[in-house]
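No lab work stands behind these numbers, since they all come straight from the coordinates. Given the structure is predicted, the values throughout are model-derived calculations rather than measurements. Please note: Cβ atoms are built from the backbone with ideal geometry, for glycine as well, and neighbour counts cover all protein chains shown.
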């Protein structure tokens, strides 16, 4: 049997995830999510895909459509940058820091509500709007796309936790960090133009973002001839995304525990120091 | 007029301290780079004016939606709506002054967009027809302020509409043809688009950046001004209704 201490992080993540889910239904009703939130996301995809029409290129319509539909999985995972700060805003952070258990599992579970919503948003765009923009899927591809979206969501969530930890110490920056980070992702991660368009150093930065690799996998799956020949490429890209996500996760855990330590030592405990 | 000026000055002071309200001015240059990267990658340098103009219009609309749209609600939450209503000046003038301040500041997005294109891609988009550009810009700012006054009142009148505030951005960027001209959209969208001042503004501003002569400048500017005036009038009527309701229901001080 595993010692109780080893299981504690999983228990904390479960409680924190329940909290996150409750938050979700305070923020949205099914109607406001569908007609207010999702409809806006879908029109954003349409807005960018239509640029392909302006450029008179069906190929670019497809490229822009897929990139902008998939990016929502990453965007929603990144909302956790802002929601991570809710513990501090609600005044519960001092209690969490004072508790005799690690802090990082709380934040791992705290914003998971954005993963299912991100999956729904991106899936709605890819599978419902897709045919209108020349993007269709066979069942095996569609299932693989859902798996790839999950990988993007989880790995981007890990990356977002690092940014979330940083904004815990600078709460007023949370919206700015979210907006700038997501806009830069749109720009450099192969969403709008291939990576090769940008200088090498920009490509190097983009390669540290799991979205870049996950999106490449989905683009491979979207090729009309896709199935067996691209399976290796898809799996390799997704494994790279997961690997990078794991590195971000470790960095987030270290950073959160360090911030908790600083808070305890300085007596500020709310990370205000 | 004093109330208008007071509202204007108050809002400018407020915005200097509330950075989040003008957040979109931080991302506007990045949006310029995104749109320019698409047109440049496709080898369509002729579309650079489109890519530079669109983020500026997006910034203008977004700030109106999230900052001007929140003005009355913000006063309400601050508890400052009661003294504002009780003062002998017309509250509509104060709020119009505030909206004008927000709108004028959001025009910074135009300068940012032009600068970003030059700094990152070395692209300078010349203003080929300065008179048409200036007329279109002034009319657009006026129409934006008028539309913002409608939003501001609607968000107070209906909490359920406020829940959908977020969704009023990209649908209008598509309808307003801010990047892709309405003429390229399906025909059935056009009547809807033409009711949105952005579609007239985007077309006229784009035309002022291309070498071909600008046709029907006066009529097109007139349509933008007319839509803006309609916005102001509807906004004032709605504001009166909103305040009447708040007085009647006794909820004026409820944050």
Study note, to complete from the structure: Per its Cα gyration tensor (rounded if a/c is under 1.5, else prolate when a/b beats b/c, else oblate), the protein assembly as shown is best filed as oblate
Point to revise | Computed label-point distance, nm, for sites residue A:92 and residue B:90 using a 7 Å Cα→Cβ extension | key: 4.9
Check your understanding: Over chain A, what is the mean sequence separation of C-alpha contacts under 8 Å (at least six apart), divided by residue count, expressed as relative contact order in percent?
Key -> 23
Point to revise | residue B:241 paired with residue B:2, simple spin-label distance in nm, labels 7 Å along Cα-to-beta-carbon | key: 3.3
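At 10 °C and 1.306 mPa s, grab the translational diffusion coefficient of region B:1-134 from Stokes-Einstein with a Kirkwood Rh over Cα pairs, rounded to a whole number in µm² per second. If you can, show how the numbers build up before the last one.
On the way: Rh = 16.4 Å.
Stokes-Einstein gives a translational diffusion coefficient of 97 µm²/s.
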Revision key, fill the gap. Note: region A:58-115, point scatterers on Cα, Debye, no solvent; log10 I/I(0) at q = 0.20 Å⁻¹ equals -0.77
Review point. Points 7 angstrom from Cα along the Cβ direction at residue B:183 and residue A:143: gap in nanometres?
Key: 4.9
Exercise for review: Please find, in a Gaussian network model of chain A (springs between Cα atoms separated by less than 10 Å), the residue of A:28, A:63, A:107 whose mean-square fluctuation is greatest.
Suggested key: A:28
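For residue A:10 and residue B:218, what is the calculated FRET efficiency with R₀ set at 51 Å and r taken between the beta-carbons, to the nearest 0.05?
Values: r = 70 Å, r/R0 = 1.37.
About 0.15, to the nearest 0.05.
Nearest 500 deg cm²/dmol is fine: what mean residue ellipticity at 222 nm does chain A get from its DSSP H runs of n ≥ 4 alone, each adding -39,500 (n - 2.57), divided by its residue count?
Dividing the helical sum by the residues of chain A leaves -23500 deg cm²/dmol.
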Point to revise | Separation between Cα centres of region B:91-140 and region B:1-66, rounded to whole Å | key: 8
Point to revise | Alpha-carbon centroid distance for the pair region A:59-91 / region B:194-255, whole angstrom | key: 32
Review point. Taking only C-alpha pairs under 8 Å that are 6+ residues apart, what is the relative contact order of chain B in percent?
Key: 26
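Tell me, what is the FRET efficiency for residue B:210 and residue A:59 to the nearest 0.05, using R0 = 30 angstrom and their Cβ-Cβ distance as r? Can you show the working numbers first?
Numbers: r = 26 Å, r/R0 = 0.86.
The value I calculate is 0.70.
With the Cα gyration tensor of region A:4-266 giving a ≥ b ≥ c as the square roots of its eigenvalues, does the rule (a/c under 1.5 for rounded; else a/b larger than b/c for prolate; else oblate) give rounded, prolate or oblate?
Working: a/c = 1.91, a/b = 1.74, b/c = 1.10.
Prolate, since a/c reaches 1.5 and a/b exceeds b/c.
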Point to revise | Highest-fluctuation residue, B:208, B:169, B:153 considered, GNM on chain B with Cα pairs under 10 Å | key: B:169
Practice item. Specify the angular offset, from 0 to 90 degrees and rounded to the nearest 10, of the alpha carbon long axis of helix A:139-168 from the longest principal axis of the alpha carbons in chain A. Key: 40
Study note, to complete from the structure: For chain B, the longest principal axis of the Cα atoms and the Cα long axis of helix B:24-41 enclose an angle in degrees, to the nearest 10, of 20
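If R₀ is 22 angstrom, what is the calculated FRET efficiency for the pair residue A:233 and residue A:201, using the beta carbon separation as r and rounding to 0.05?
On the way: r = 25 Å, r/R0 = 1.13.
For R0 = 22 Å, the calculated efficiency reads 0.35.
Using 0.36 nm times the number of residues separating residue B:104 and residue B:230, minus their current alpha carbon distance, what extension gain do you get? List each step's numbers first, then the result.
On the way: separation 126, 0.36 × 126 = 45.36 nm, distance 1.95 nm.
Residue separation times 0.36 nm, minus the Cα-Cα distance, leaves 43.4 nm.
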Exercise for review: Identify which of A:201, A:248, A:114 has the largest mean-square fluctuation in a Gaussian network model of chain A, with springs joining Cα atoms closer than 10 Å.
Suggested key: A:201
Revision key, fill the gap. Taking only C-alpha positions in region B:2-249, Rg and Dmax in angstrom work out to 18.5, 61
Practice item. Could you state the angle between the C-alpha long axis of helix A:58-78 and the longest principal axis of the C-alpha atoms of chain A, as a value from 0 to 90 degrees rounded to the nearest 10? Key: 10
